[in-house]
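Down below is the structure, laid out as structure tokens.
Rule-based calculations on the coordinates, nothing more; no lab input. On a predicted model such as this, the values are computed, not experimentally measured, just so you know. Here the Cβ is made from the backbone with ideal geometry for all residues, glycine too, and neighbour counts use every protein chain on show.
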Amino acid sequence: MKKFVSIALAIVMMLSVSVCAFAAETDDEYINSTASEILSVYEHLFPMDNGWWSTDSELTTDYDYGTEFAAAVVVDGAKIVVKADAIAGSSEDGYGYQYGIQTTDSWQTYLAHFNYPDEEPASDTIYLMAAEDVVIEGDYAYIIIDAAEFVALMAEHGDDISTCSFQWVDGACSGAKTYGVYVITTGSSSDDSSAEADTTSEEASSETSEASESSESTESASSPDTGVALALLPMAIAGIAVVSSKRK
């Protein structure tokens with residue numbers, strides 16, 4: 001009997017524990033105010049030499065930053081957000097923002113761009129997609145990239161973000177620095193469906209409210225209060241368990 005009680009208590013404790021797959025944190029106000037969940041964070045000032053094209057040595061699959069990034073971008077509804085200096089590059093001069101990854105297996109490069117020339121890149125191993133949006137907050141620009149579209153671009157050309165080795169490519173406009181790469185969810189993809197569900201639920205509730213009220217009044221007159229009985233049930237079971245264990 002004691003073993004049974006121990007097992008039951010262990011099951012209850014396991015059910016009460018909630019485990020988070022992602023627990024990334026940041027002090028960035030925009031990210032914290034925008035994200036419903038922060039999946040991946042890499043905060044580091046780069047490139048240090050104001051270079052137009054730079055690969056970052058720590059945001060690779062050789063470090064935890066890279067493996068965390070790869071796991072985060074395949075989450076449904078994920079967005080890649082890059083924080084950089086808010087310097088408006090001219091597309092006529094070939095500047096703007098370019099961010100992405102270069103695989104170190106196939107040496108193909110995948111870049112999301114904003115304010116960049118429309119012509120195809122010179123190399124046939126560089127693939128471009130447009131960034132979803134850019135948000136200017138004070139001195140910083142937050143370049144938002146749809147992660148699902150980015151992963152699909154890679155798959156189209158034979159690379160799997162979950163298995164390939166890669167390094168991050170930083171292409172901030174001339175003179176700009178990059179401060180962080182984040183992967184977040186915003187919950188916006190489910191807002192419309194949630195609103196529809198809420199509306200349907202409210203309509204159903206209004207249709208049944210009168211019936212529920214009359215039913216409740218009838219039940220209260222004809223049956224005892226089951227809430228008290230249910231509240232006392234765990235105590236009764238616990239008492240029986242204690243008595244039984246002592247008899248053993």
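For residue 55, what residues show an amide H to amide H distance below 5 Å, using hydrogens built from the backbone and excluding near sequence neighbours?
Those qualifying (amide H under 5 Å, at least 5 residues apart or on another chain) are 170.
Stretched out fully, how many nm does the piece from residue 123 to residue 140 gain, at 0.36 nm a residue minus the Cα gap?
Here the segment from residue 123 to residue 140 would lengthen by 3.1 nm.
What does the charge count around residue 110 come to, taking other residues whose C-beta lies under 10 Å from its C-beta (Lys +1, Arg +1, Asp -1, Glu -1)? Walk me through the intermediate numbers first.
Numbers: positive: none; negative: 156, 159.
Spelling it out: positives minus negatives among the neighbours equals -2.
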